[in-house]
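Please read the structure below before turning to the comments.
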Ligand SMILES: Nc1ncnc2c1ncn2[C@@H]1O[C@H](COP(=O)(O)OP(=O)(O)O)[C@@H](O)[C@H]1O
Ligand SMILES: [Mg+2]
């Protein structure tokens with residue numbers, strides 16, 4: 001049975017793509033069959049894995065508009081068990097097309113497409129755009145669960161209520177099985193008191209929805225780590241760029257926590 005995990009937060013720059021790419025790669029290194037689906041028009045997960053626009057003809061846009069099957073756009077990556085369904089800026093048009101067409105069941109398009117290939121993967125990770133529009137709604141409707149990255153900076157929890165309401169609404173109307181897998185503190189800096197404050201707030205409100213490190217049983221927290229910021233420019237997940245870095249270790253801990261169930 002494959003597990004489908006959406007990475008979502010309507011705020012930009014909180015670590016969604018970094019989490020999607022590095023969680024997917026860490027699971028793949030643990031010999032799981034993983035599909036990363038990039039449904040952000042900014043395509044950062046696609047470029048972060050080293051793909052350029054000229055490398056692929058079709059992308060998730062063509063899947064969502066019904067021109068291609070999901071299996072027809074999937075690319076292999078440098079990790080043997082990691083595949084990616086790439087995105088492209090053309091995806092910007094989808095929100096509008098969905099809306100204009102008032103397409104019936106448009107929330108379920110991605111879910112139906114995933115259904116066709118689901119059995120070929122252990123994990124399907126979906127990187128979503130920084131908005132709560134129809135693309136993110138498709139991601140949340142297709143997923144078994146959602147990971148919400150929280151940047152350990154000022155205004156971290158701003159907008160969270162709206163996101164949680166959206167999750168609740170989707171659970172109630174479209175996808176009763178949708179679960180919050182967990183909140184993931186990202187870009188945590190030990191020198192920054194604000195980081196500590198945000199983490200303390202998370203612990204206070206969502207203690208049982210934080211990931212636990214399998215070995216130490218401390219919480220999984222993604223540190224602010226320059227290697228994590230550098231690796232996409234080399235087209236590599238952190239585990240292939242600097243496996244020993246604190247950022248790589250943290251994402252491996254996240255993967256282990258998920259593998260442990
Ligand atoms: N833990 C981290 N340490 C340092 N830089 C990070 C970390 N996580 C993300 N970044 C950087 O912050 C920026 C925003 O992260 P990204 O994952 O693209 O966020 P989102 O997908 O939510 O917009 C990117 O430049 C990324 O490389
Ligand atoms: Mg992103």
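Since every read-out is calculated from the coordinates, none of them should be taken as a lab result. If you're wondering where the values come from, they're calculated on a predicted model, not measured in any experiment. All Cβ positions, glycine included, derive from the backbone under ideal geometry; neighbour counts span all protein chains shown.
Pull up the DSSP beta bridges for region 1-141 and report the antiparallel fraction as a percent, rounded to 5. Provide the component values of the computation, followed by the final result.
Values: 2 of 16 bridges.
For region 1-141, the DSSP antiparallel bridge percentage is about 10.
Can you give the direction-averaged projected area of the convex hull of the alpha-carbon atoms in region 3-260, in nm²? Before the final figure, lay out the partial values.
Values: hull surface 51.4 nm².
Here the figure is 12.9 nm², rounded to one decimal.
Under the rule of -39500 (n - 2.57) per DSSP H run of 4 or more residues, summed and divided by the residues of the chain, what mean residue ellipticity at 222 nm is obtained, to the nearest 500 deg cm²/dmol?
-11000 deg cm²/dmol
With 5 Å bins from zero, work out the P(r) of region 144-261 over every alpha carbon pair and list the percent per bin.
Here the calculated profile for region 144-261 is 2, 11, 18, 20, 19, 16, 9, 3, 1.
By count of other Cβ within 10 Å, fewest leading, how are 205, 83 ordered? Can you show the working numbers first?
Details: 205 11, 83 22.
Result, fewest neighbours first: 205, 83.
In the Gaussian network model of the chain, springs joining C-alpha atoms below 10 Å, which of 11, 177, 104 carries the largest mean-square fluctuation?
In this elastic network of the chain, the residue with the biggest mean-square fluctuation among 11, 177, 104 is 104.
If we count other beta carbons within 10 Å of each Cβ, what is the order of 231, 2, fewest first? Don't skip to the answer; put the middle values down first.
Values: 231 25, 2 17.
Least to most surrounded, the residues fall as 2, 231.
Please report the base-10 log of the normalised intensity I(q)/I(0) for region 1-107, using a Debye sum with one equal scatterer per alpha carbon and no solvent, at each q in 0.17, 0.23 (1/Å).
Listed by q, the Debye log ratios stand at -0.84, -1.38.
Specify the angular offset, from 0 to 90 degrees and rounded to the nearest 10, of the alpha carbon long axis of helix 160-173 from the longest principal axis of the alpha carbons in the chain.
50
Taking other Cβ within 10 Å of each residue's Cβ, how do 55, 40, 242 sort, fewest first?
Numbers: 55 11, 40 26, 242 18.
Ordered from fewest to most neighbouring Cβ atoms within 10 Å, 55, 40, 242 come out as 55, 242, 40.
Roughly how many Å is it from the Cα centre of region 173-195 to that of region 198-258, as a whole number?
So the separation of the two Cα centres works out to 11 Å.
Looking at the chain only, what percent of DSSP beta bridges run antiparallel? Nearest 5 please. It would help to have the intermediate numbers written out before the result.
Working: 3 of 29 bridges.
Within the chain, antiparallel bridges account for around 10 percent of the total.
To check my understanding: the extent here is largest minus smallest coordinate of the Cα atoms along each principal axis. What are those three numbers for region 75-170, in Å, largest first?
Between the extreme Cα coordinates on each principal axis of region 75-170 lie 39, 37, 26 Å.
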